[in-house]
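The values are calculated or read from the model by the stated rules, or taken from the named source; none is laboratory data. Please read all numbers here as calculations on a predicted model, not as lab measurements. Reconstructed Cβ throughout: ideal geometry from the backbone, glycine too, with neighbour counts over all protein chains shown.
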Number of protein chains: 2
Amino acid sequence: MKNYFIAKSRRVRSTPYTSRIENQGLTAYTVYNHMLLPAAFGSLEDSYHHLKENVQVWDVAGERQVEISGKGSAKLIQLMTCRDLSKSKVGRCYYCPIIDDKAGLINDPIILKLDEQRWWISIADSDVILFAKGLAIGNKLDVRIFEPNVDILAVQGPKSFKLMEKIFGTKITEMKFFNFNYFEFAGAKHLIAKSGWSKQGGYEIFVENTESGLTLYDKLFEVGKEFNVKPGCPNLIERIESALLSYGNDIDNNDNPLECGLDKYVNLDTDVNFLGKEKLKEVKKKGITRKLMGVIIEAKEINLSKSIDLTNDKNSKIGELRSAAYSPYFKKVIGIAMLDKPYWEVSQTFKISINDNIFEGKVCDLPFI
Amino acid sequence: MKNYFIAKSRRVRSTPYTSRIENQGLTAYTVYNHMLLPAAFGSLEDSYHHLKENVQVWDVAGERQVEISGKGSAKLIQLMTCRDLSKSKVGRCYYCPIIDDKAGLINDPIILKLDEQRWWISIADSDVILFAKGLAIGNKLDVRIFEPNVDILAVQGPKSFKLMEKIFGTKITEMKFFNFNYFEFAGAKHLIAKSGWSKQGGYEIFVENTESGLTLYDKLFEVGKEFNVKPGCPNLIERIESALLSYGNDIDNNDNPLECGLDKYVNLDTDVNFLGKEKLKEVKKKGITRKLMGVIIEAKEINLSKSIDLTNDKNSKIGELRSAAYSPYFKKVIGIAMLDKPYWEVSQTFKISINDNIFEGKVCDLPFI
């Protein structure tokens, strides 16, 4: 696949760390929430191995926050997600599918409860702020909605705990998964969550004070030398192996959460009021007609830039591959695909055309590892 | 400025024409509405000269449509824009600032009135569909909102009229600016508007039938040979000279339409109900405190990827440059900047630092040409 450059402009926002990552060997970008998101520092496979064994610092400022505060904030947040947040606690992160009135997915953020009347929606790639504003205006809710000046630094990988402990003390290692707290550094308080878009463990630092954040960035690389720290970014291979879904890639507005295996975040047997609830009840009663599954393909290489059809022996389409990468662990191509009923059973075989060659594949459970 | 590659994925959607433009010499992309938008075919300056003298075909599928239909559609459309659409006519295009309840700009699309109860919002780069859905749900409006399968091909440049006439007949040259109609080609009907994101004249073809659109694409290049047709894309130099504002670059959610010189699209003295109306009345009464203006800088080169401060003799910030390019016409750098009161007067001088060199500049009216 030939490579093309990315054209920069103010519309595709830089982050406070852009000049640093470019000096550190960045090779490719993607665009996420109208912002530059690093996509490669040289070899994807080298970065994958490094992430699974060491520690990386990621400029993921593209994961923007939508702040919702005020008397109507809890009501608005609940209206947007099918996950029951009535017992949610301050200091916790919640993975929440956001859906519209037709139960189509709009985003799949982590929601942070900062206070009883103050929330951050840490979004995937769609303008959730516009949905929230529209709903709030239409429903006349007493809320304030804006995008705060927050640029996330993620510290990911098995050695992230030791690195962060050296800077922030044992309190940060003792923190539980998907909890967050505030930590001092260089004259500023940073919200840090034990979270991140890899399954290798780590933290997300929600930097509000840019100057302190830049000092922290440099400190992470200075202290991290002994842990072999490197700059990185969400890794396609690792995130597929771990089945971390990517909104826009694996799931989109044409899918509902039950089709995407998000059943445990769909709370239909509660009193809470959210958009698409009746639609989801209907879907659940009738049963879904397609399902997101893992696939393993007998190929050594793939560069996916759009869905690729999966066909059966009769050359009928039985599904579509949405994300894929060569996995050094399986020594095959693995991917995430939407399979039509009844072809989503584990071990279902299929054919796929990659660069005009036909390969065999089969369906499997998610996650891979 | 070093160049970086763009990482492709399903999330950053390809268009039906992606493989064609890549074969035709595309060198750089940007991302627009979660889709690949061509940003360069080699030299920006060569493309600028070519556009002003000949005809280009642009893959601008990234200009997505939001279709709104149903009994409540006119009400919803009017709610979103400060332009009075009460006398709008079927078959016409309307440039409409979309604003929120605080009068902050959300988008600046062309709205096409397809029917009394059916509209297309041809959007700049933000998820207007989510704002529309939120508003419709909150206000319980009887509407259907979705993104139709429409991929725009723009035919731009002074020779676009002759080229299009050869394919569609004189009816297309007789059509007035910002009007649209339906034209047959290869077994499909295409909505074609006399519009486009250049001031060199031309058309936008709203392709719904992809197969026919691909045939049309090839036909445009075949018939266009005699007019020296080339593939192209919105040209930074040409669009700044013409003062075609770019949402996300020149204007964003922190700006209101009066600050952006969009006064003629702000209809406050009418009975129509739209969001932000009271706020805009207030702004108008008090007067704006900053204003979007043109600037000319005594420099020969610029690569802008974020705002650059403009300062006065006392080194105080008096504004920020948001878009800029070297103009072969003026033989200087020209740009679009937001100037603070009272520094927005024509001929106001300023200083600007570009790549650590200080240049002189002055404020001027828009458009440049």
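Criterion applied to A:ASP313, A:ASP269, A:ASP340 was being farther than 30 Å from A:LEU37 by Cα, charged (D, E, K, R) and modelled with pLDDT under 95, and the one residue passing it is A:ASP313. Residues that are in contact with a helix residue (DSSP H, G or I) (Cβ under 7 Å, 6 or more places away or on another chain) and closer than 17 Å to B:ALA124 by Cβ within the stretch B:26-47 comprise B:LEU36, B:PRO38, listed in sequence order.
Taking the stretch A:305-356 as the range and being closer than 16 Å to A:ILE369 by Cβ, free of Cβ contacts under 8 Å to residues at least 40 places away in the same chain and buried (at least 19 other Cβ atoms within 10 Å of the Cβ) as the test, only A:VAL333 passes. Here is a check on your reading of the model: is A:ILE308 within 24 Å of the chain's Cα centre (by Cα), among the hydrophobic types (A, V, I, L, M, F, W, C) and under 13 Å from A:SER353 (Cβ atoms)? Judged against the criteria, A:ILE308 is a match.
Could you please let me know if A:SER14 is without any contact (Cβ under 8 Å) to a residue 60 or more places away in the chain, touching a Lys or Arg at 6+ places or on another chain (Cβ under 9 Å) and either of a type in the set (Ser, Thr, Tyr) or on the phi > 0 side of the Ramachandran plot (or both)? Criteria met by A:SER14.
The one condition from (1) exposed (fewer than 13 other Cβ atoms within 10 Å of the Cβ); (2) over 18 Å from B:ASP250 (Cα atoms) that B:ASP365 does not meet is (2). Within the stretch B:114-160, the set of residues being of a type in the set (Lys, Arg), touching a residue at least 60 places away in the same chain (Cβ under 8 Å) and more than 14 Å from chain A (Cβ to nearest Cβ) comprises B:LYS159 only.
I'd like the residue in the stretch A:16-25 that is surrounded by fewer than 23 Cβ atoms within 10 Å (Cβ to Cβ) and in contact with a helix residue (DSSP H, G or I) (Cβ under 9 Å, 6 or more places away or on another chain) and, out of all such residues, is nearest to the other protein chains (Cβ to nearest Cβ).
Among those residues, the one meeting the criterion is A:PRO16.
Looking only at the stretch A:273-304, filter to residues that are more than 22 Å from A:PHE368 (Cβ to Cβ) and among the small types (Gly, Ala, Ser); which one of those is nearest to the chain's Cα centre (by Cα)? That would be A:GLY276.
Taking B:HIS34 and the conditions (1) farther than 24 Å from B:GLU241 by Cα; (2) more than 17 Å from the chain's Cα centre (by Cα); (3) facing another protein chain (nearest Cβ under 7 Å), which numbered condition does it fall short on, given that it satisfies the others? Exception for B:HIS34: condition (2).
Identify, from the list A:SER195, A:SER160, the residue that is polar (S, T, N, Q) and farther than 30 Å from A:LYS71 by Cβ. The unique qualifying residue is A:SER160.
Taking the stretch A:245-265 as the range and being on the phi < 0 side of the Ramachandran plot and in contact with a Lys or Arg (Cβ under 7 Å, 6 or more places away or on another chain) as the test, the residues that pass are A:SER246, A:ASN249, A:ASP250, A:LEU258, A:GLU259, A:TYR265. All of (1) in contact with a strand residue (DSSP E or B) (Cβ under 8 Å, 6 or more places away or on another chain); (2) under 24 Å from B:ASP252 (Cβ atoms); (3) among the acidic types (Asp, Glu) hold for B:GLU278 with one exception: (1). Residues that are away from every other protein chain (no Cβ under 11 Å), among the basic types (Lys, Arg), in contact (Cβ under 8 Å) with a residue 12 or more places away in the chain and crowded, with 19+ Cβ neighbours inside 10 Å occur in the stretch B:81-99; there is at least one.
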